[in-house]
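Student: Attaching a single structure in structure tokens format; questions to follow.
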Amino acid sequence: MEFQDDAFVLWARAHGDTGAVVDLLTEGHGRVAAYVAGGASRRMKPFLQPGARVAADFRARTAEQLGGARLEPVGEGPAALFDDPLALTGLAAAAAVAQGALPEREPHPGAFYGFEALMAALAIPEVWPAVFVRFESGLLEALGFGLDLSRCGATGVTDDLAWVSPRTGRAVSREAGAPYADRLLHLPPFLLGTQAGLGEGDVGAGLALTGHFLERNVFHVLNRPLPPARVWMIDKLGEAGRL
């Protein structure tokens, strides 16, 4: 198995005296783990941080074997965010969610493009928390658990959608859901279209929505909790008044 692909680093740890095992989110081959010779060196360490973009040359003898990769850095990567601790928590959370949710060596280009869009948005403090919610929504869709926000699951109407059923993942109109509001998940308007504004509490509602379905449909099945990095990000966003 051999390929060359664009990728983002999701995670890395030292392996042996000089190498590192790296988890990559590639554009065309999904999440791939690889051994990087010299990955523990001072030269390579800055390029193996979560969010770093690289060009990967991957080789493995068999599909089951941990392959090796040669990586070349592309662009500035997470270094551009070093002056924004809150954005760095968002980056760490996104990398942890992608690593935990995506199966290995299964192509999910939509997840790559969503991560790419989030990386670009992290430089804009007013925008990236909402883009993070969209990123998680895209992950759910890529994994086959996409939310159906096109119409009310109870009545079929397409206007005034305000809730999501925690059981089906389908939108519910404000009128149809009013009697059951305490059992439904709030649907923030920004998930319905790019023209919708971002109101107070919308980011928190969006994270609660995507978190519910990621936990139920993905992480619970894998017998794992939602990543601690995501919990930490939500705490920090709350402290900053950004939820």
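The values are calculated or read from the model by the stated rules, or taken from the named source; none is laboratory data. Just so it is clear, the structure is predicted and the values come from calculations on it, not from any experiment. A quick note on method: Cβ atoms are made from the backbone with ideal geometry, for glycine too, and the neighbour counts reach across all protein chains shown.
Student: When both residues are 6+ apart or on different chains and their Cβ atoms are under 6 Å apart, which pairs have a first residue that lies in the stretch 207-230 and is in the same structural domain as Ala92 (by TED's automatic domain parsing) and of a type in the set (D, E, K, R), and a second that is at pLDDT 95 or above and surrounded by 15 or more Cβ atoms within 10 Å (Cβ to Cβ)?
Tutor: As it stands, the answer is Glu215/Leu226; Arg230/Ala93; Arg230/Val97, since those pairs meet every condition given.
Student: Can you name the residue in the stretch 177-212 that is part of a helix (DSSP H, G or I) and over 19 Å from the mean Cα position of the chain (by Cα) and, of all such residues, is surrounded by the fewest Cβ atoms within 10 Å (Cβ to Cβ)?
Tutor: Restricting to residues being part of a helix (DSSP H, G or I) and over 19 Å from the mean Cα position of the chain (by Cα), the top hit is Asp182.
Student: Right, here's the next one. Could you look through the stretch 110-129, keep only residues that are touching a residue at least 40 places away in the same chain (Cβ under 8 Å) and aliphatic (A, V, I, L, M), and pick out the one that is farthest from Pro78 (Cα to Cα)?
Tutor: Ala111
Student: Run Arg31 past the list (1) in contact with a helix residue (DSSP H, G or I) (Cβ under 9 Å, 6 or more places away or on another chain); (2) not in a strand (DSSP E or B) and report the number of the one that doesn't hold.
Tutor: (2)
Student: Hey, among Ala94, Ala20, which residue is in contact (Cβ under 8 Å) with a residue 12 or more places away in the chain and either more than 18 Å from Tyr113 (Cβ to Cβ) or of a type in the set (S, T, N, Q) (or both)? Steps first, please.
Tutor: Values: Ala94 fails: either more than 18 Å from Tyr113 (Cβ to Cβ) or of a type in the set (S, T, N, Q) (or both).
Going through Ala94, Ala20 in turn, the sole match is Ala20.
Student: Quick check: anything in the stretch 213-229 surrounded by fewer than 15 Cβ atoms within 10 Å (Cβ to Cβ) and either under 20 Å from Leu122 (Cα atoms) or among the hydroxyl-bearing types (Ser, Thr, Tyr) (or both)?
Tutor: Yes, the stretch 213-229 contains a residue that is surrounded by fewer than 15 Cβ atoms within 10 Å (Cβ to Cβ) and either under 20 Å from Leu122 (Cα atoms) or among the hydroxyl-bearing types (Ser, Thr, Tyr) (or both).
Student: So Leu214 ticks every box in (1) modelled with pLDDT under 95; (2) in contact with an Asp or Glu (Cβ under 7 Å, 6 or more places away or on another chain) but one. Which box is left unticked?
Tutor: Leu214 satisfies all of (1) modelled with pLDDT under 95; (2) in contact with an Asp or Glu (Cβ under 7 Å, 6 or more places away or on another chain) except (1).
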